[in-house]
Amino acid sequence: MPKYLLIARDGEEWETFAAQATPADIEACIGRYIEWSERLRSQGKLITSEKLKEGEGRVVRAERGAVRVTDGPHVASKEVIGGFWLFEADSYDDGVELIRDHPHLEWGTLELRQIEEF
């Protein structure tokens, strides 16, 4: 069965919510993500998922034969990758149906990409 990577991009809506949310609001929000992920897991489709640590990372580039490492990513856009899910689906259409009620759609965008097997 094909594998798909679901990338969650945080939008300005998330920043607005996070700035005014109470600890109880954050806990309820996290609960919705866990519930969604557990539903996919119970269907035998979820392979793994993780939230990425905010504001940290490294960008690695090859420049003139040398490897250059910088802190990052520093994104000019307001959409930052916040996490990912790797799951199985029969097709892109099936994948879209699986994510149609994903809680992240309230805060940002979701990008669905098929993993190429070789």
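The values are calculated or read from the model by the stated rules, or taken from the named source; none is laboratory data. Note that the structure is a prediction, hence the values are computed from the model and not measured. Backbone-built Cβ (ideal geometry, glycine too); neighbour counts: all protein chains shown.
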Legend entry - Matching residues, region 15-59, being of a type in the set (A, V, I, L, M), modelled with pLDDT of 90 or more and either in a strand (DSSP E or B) or loosely packed, with under 11 Cβ neighbours inside 10 Å (or both): 24, 46, 47
Inset, instruction - Could you figure out which of (1) assigned to a helix (DSSP H, G or I); (2) of a type in the set (Gly, Ala, Ser); (3) surrounded by 12 or more Cβ atoms within 10 Å (Cβ to Cβ) isn't true of residue 8? - result: (1)
Legend entry - Selection status of residue 110, surrounded by 11 or more Cβ atoms within 10 Å (Cβ to Cβ) and either touching a residue at least 60 places away in the same chain (Cβ under 8 Å) or out of contact with any Phe, Trp or Tyr (no Cβ under 8 Å at 6 or more places or on another chain) (or both): yes
